[in-house]
Amino acid sequence: NTQSSMQNKNILITAGPTFEKIDPVRFIGNYSSGKMGFALARECALRGANVTLVAGPVSLETPHSAINRIDVESCEEMYEATVEHFKQANAAILCAAVADFKPENMVQEKIKREKDDLVIRLKPTHDIAAQLGKMKKEGQRLVGFALETNNEMAHAQDKLVRKNLDFIVLNSLRNEGTCFKSDQNKICIVTREEQKEFGKKNKQEVAIDIVNELEEII
Ligand code: C5P
């Protein structure tokens, strides 16, 4: 039984969606369940890593007792926690489906129905991956995800370079019964040199493939 190179490494993982408040009772969110990120956290913990899991609003149990879980709601909160913990991290896996836009102003009172229409102006959120890509020091590794609906490979390769990632995990909404909410996923690992296609499998098995790839470069 060879020792895992994950042993005692500090691994930072983001998972789940973010919710961006519109008013005290409403938000902009997405369908991310957090299952992929939680499976990654479990796999890293099983291999002896110190895992910090920054989780958006999900209804999942922490999958391993050795995981330090930080629950957040908005991109702003996820950004603060992630940037703070990246300083001590050997690697970060950014699996969260972070909102790209948020309401410009959070309305303090619940918005009433008596209106003909309602316009909510949005502004961009922090790009956590891009920020960590800028902060990345020699020896640190950064892994991102890309969920695409079209021109998948071109978009993934663009993100890999633009966000200064070491590799990116591409999943497509075109593969039925994968991605959001599903227990299964079908991925392609994209590095600067190559593309590795994997078959459709359970997210826990997908996590094994992803962590194997990370072990090779950490
Ligand atoms: O640009 P896009 O959102 O498709 O990039 C996906 C990758 O960037 C994922 O790894 C995701 O976790 C990360 N991301 C982020 N902060 C954002 C948006 C995306 O960390 N605001």
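The values are calculated or read from the model by the stated rules, or taken from the named source; none is laboratory data. Predicted, not measured: the structure shown is a model, and the values here were computed from it. As a convention, Cβ positions derive from the backbone with ideal geometry for all residues, glycine included, and neighbour counts pool all protein chains shown.
What the table below lists for this structure:
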item	result
Restricting the range 127-143 to residues that are without any contact (Cβ under 8 Å) to a residue 60 or more places away in the chain and charged (D, E, K, R), the residue that is surrounded by the fewest Cβ atoms within 10 Å (Cβ to Cβ)	Glu138
Test: residue in the range 10-23 that is under 19 Å from Ile210 (Cβ atoms) and free of Cβ contacts under 8 Å to residues at least 24 places away in the same chain	no
Some residue of the range 149-164 being touching a residue at least 40 places away in the same chain (Cβ under 8 Å) and either among the polar types (S, T, N, Q) or under 18 Å from Cys95 (Cβ atoms) (or both)	no
Some residue of the range 185-193 being touching a residue at least 24 places away in the same chain (Cβ under 8 Å) and either aromatic (Phe, Trp, Tyr) or in a loop (DSSP other than H, G, I, E, B) (or both)	yes
Number of the condition not met by Glu43 [criteria: (1) within 27 Å of Lys201 (Cβ to Cβ); (2) within 16 Å of the ligand (Cβ to nearest atom); (3) more than 13 Å from the chain's Cα centre (by Cα); (4) charged (D, E, K, R)]	(2)
Filter pass, Gly29 being over 11 Å from the mean Cα position of the chain (by Cα) and away from the ligand (no atom under 14 Å from the Cβ)	no
Single residue of Thr14, Thr18 found to be buried (at least 20 other Cβ atoms within 10 Å of the Cβ), in contact with a Cys (Cβ under 8 Å, 6 or more places away or on another chain), within 17 Å of Gln140 (Cβ to Cβ) and among the hydroxyl-bearing types (Ser, Thr, Tyr)	Thr14
Within the range 56-82, considering residues that are at pLDDT 95 or above and touching a helix residue (DSSP H, G or I) at 6+ places or on another chain (Cβ under 6 Å), the one farthest from Phe19 (Cα to Cα)	His64
Residues (in a loop (DSSP other than H, G, I, E, B), modelled with pLDDT of 90 or more and out of contact with any Gly (no Cβ under 6 Å at 6 or more places or on another chain)) located in the range 153-184	Asp166
Subset of the range 57-81 (residues that are assigned to a loop (DSSP other than H, G, I, E, B) and either over 15 Å from the mean Cα position of the chain (by Cα) or closer than 23 Å to Leu46 by Cβ (or both))	Val58, Ser59, Leu60, Glu61, Thr62, Pro63, His64, Ser65, Ala66
The range 90-130: number of residues that are among the acidic types (Asp, Glu) and within 13 Å of the ligand (Cβ to nearest atom)	2
Checking Lys102 against (1) touching a residue at least 60 places away in the same chain (Cβ under 8 Å); (2) surrounded by fewer than 16 Cβ atoms within 10 Å (Cβ to Cβ), the condition it does not meet	(2)
